[in-house]
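Engineer: Below you'll find the structure I mean.
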């Protein structure tokens, strides 16, 4: 397994681009690539130089999902799985369940890291690929993009949090429809439903996504972290608990250098220069 199936590039504005680099399979995920993605997003969440993360696929596809020809195959670099495979209690179902659960952390990091995350979608976003796109904060889609759960077509129910994220976006009834029928959703329909934030011409996809990412990277990083926390709290907490979260985070933001800089810039009628502190 070569490490070049997941490529990373960090520019001088703090935008990290993560590319699934298996174009010969339409960027399908084999076992080792799943492990690499999990490690990559974990590292991005901890790296202070990273301000924004873009996830994309190489070539003309975002991701066609799991590589059904390779899923479940041993990963020679997964030392934990090798250790457990020798233990009777971890054989078969338990070992596979635990490994998949560990790999699914990549969706968790995309969703919860205190930095904006963007899926740049060209071509298919199917199955696991759709789940990872839904885990991002923003989805910018090319007119060539299409979306499909795909799991039921091969007798599966879904993973990587796709049913969770889609239910939050669309509600349970539409999510059940898309999962059970596995119908293809065009880029235009995805925009109408609210699955994507922006729909752009294919030749403008990279430029428009990069423009959005760099705009976010210039923003107040601490405030962005707490905006993300507030929005997540709004989905899961009571109104009073959401108030508590907002109040605590508001005071934290007021004490930052970025807030003080923004106040000064307002008085001086200039654009603020945020430093992320």
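Engineer: Return only the number of the condition from (1) loosely packed, with under 12 Cβ neighbours inside 10 Å; (2) assigned to a loop (DSSP other than H, G, I, E, B) that residue 276 does not satisfy.
Structural biologist: Every listed condition holds for residue 276 apart from (1).
Engineer: Examine segment 147-168 for a residue that is crowded, with 20+ Cβ neighbours inside 10 Å, in the same structural domain as residue 101 (by TED's automatic domain parsing) and more than 21 Å from residue 28 (Cβ to Cβ), and state whether such a residue exists.
Structural biologist: So far as segment 147-168 goes, no, none of its residues is crowded, with 20+ Cβ neighbours inside 10 Å, in the same structural domain as residue 101 (by TED's automatic domain parsing) and more than 21 Å from residue 28 (Cβ to Cβ).
Engineer: Restricting the search to segment 2-18, which residues are crowded, with 20+ Cβ neighbours inside 10 Å and touching a strand residue (DSSP E or B) at 6+ places or on another chain (Cβ under 6 Å)?
Structural biologist: Once the filter is applied, which keeps residues that are crowded, with 20+ Cβ neighbours inside 10 Å and touching a strand residue (DSSP E or B) at 6+ places or on another chain (Cβ under 6 Å), segment 2-18 yields 15, 16, 17, 18.
Engineer: What number of residues within segment 151-163 satisfy the criterion of being in a helix (DSSP H, G or I), more than 18 Å from residue 197 (Cα to Cα) and within 16 Å of the chain's Cα centre (by Cα)?
Structural biologist: 1
Engineer: Do you know which of the residues in segment 78-116 that are in a loop (DSSP other than H, G, I, E, B) and over 30 Å from residue 231 (Cβ atoms) is modelled with the highest pLDDT?
Structural biologist: 92
Engineer: Ok, one more. With (1) in contact (Cβ under 8 Å) with a residue 60 or more places away in the chain; (2) closer than 30 Å to residue 46 by Cα; (3) touching a helix residue (DSSP H, G or I) at 6+ places or on another chain (Cβ under 9 Å) as the list, and residue 126 as the residue in question, which single condition is left unmet?
Structural biologist: (3) is the only condition that residue 126 fails.
Engineer: Still on this structure, please answer the following. Take the residues in segment 41-55 that are in contact with a strand residue (DSSP E or B) (Cβ under 6 Å, 6 or more places away or on another chain) and surrounded by 23 or more Cβ atoms within 10 Å (Cβ to Cβ); name whichever of them is farthest from residue 96 (Cα to Cα).
Structural biologist: Looking at the filtered set, the residue picked out is 52.
Engineer: Return the residues of segment 243-261 that are more than 29 Å from the chain's Cα centre (by Cα) and part of a helix (DSSP H, G or I); say none if nothing qualifies.
Structural biologist: 260, 261
Engineer: Next question, about the same structure. Would it be correct to say that residue 178 is in the same structural domain as residue 58 (by TED's automatic domain parsing), crowded, with 20+ Cβ neighbours inside 10 Å and part of a loop (DSSP other than H, G, I, E, B)?
Structural biologist: No; evaluated as a whole, the condition is false for this residue.
Engineer: Further, regarding this structure: Among residues belonging to segment 107-127 that are farther than 20 Å from residue 221 by Cβ and over 11 Å from the mean Cα position of the chain (by Cα), point out the one that is surrounded by the fewest Cβ atoms within 10 Å (Cβ to Cβ).
Structural biologist: Ranking the candidates gives 123 first.
The values are calculated or read from the model by the stated rules, or taken from the named source; none is laboratory data. A quick note: this is a predicted structure, and the numbers were derived from the prediction, not measured. Using ideal geometry, Cβ is built from the backbone for each residue, glycine included, and neighbour counts are taken over all protein chains shown.
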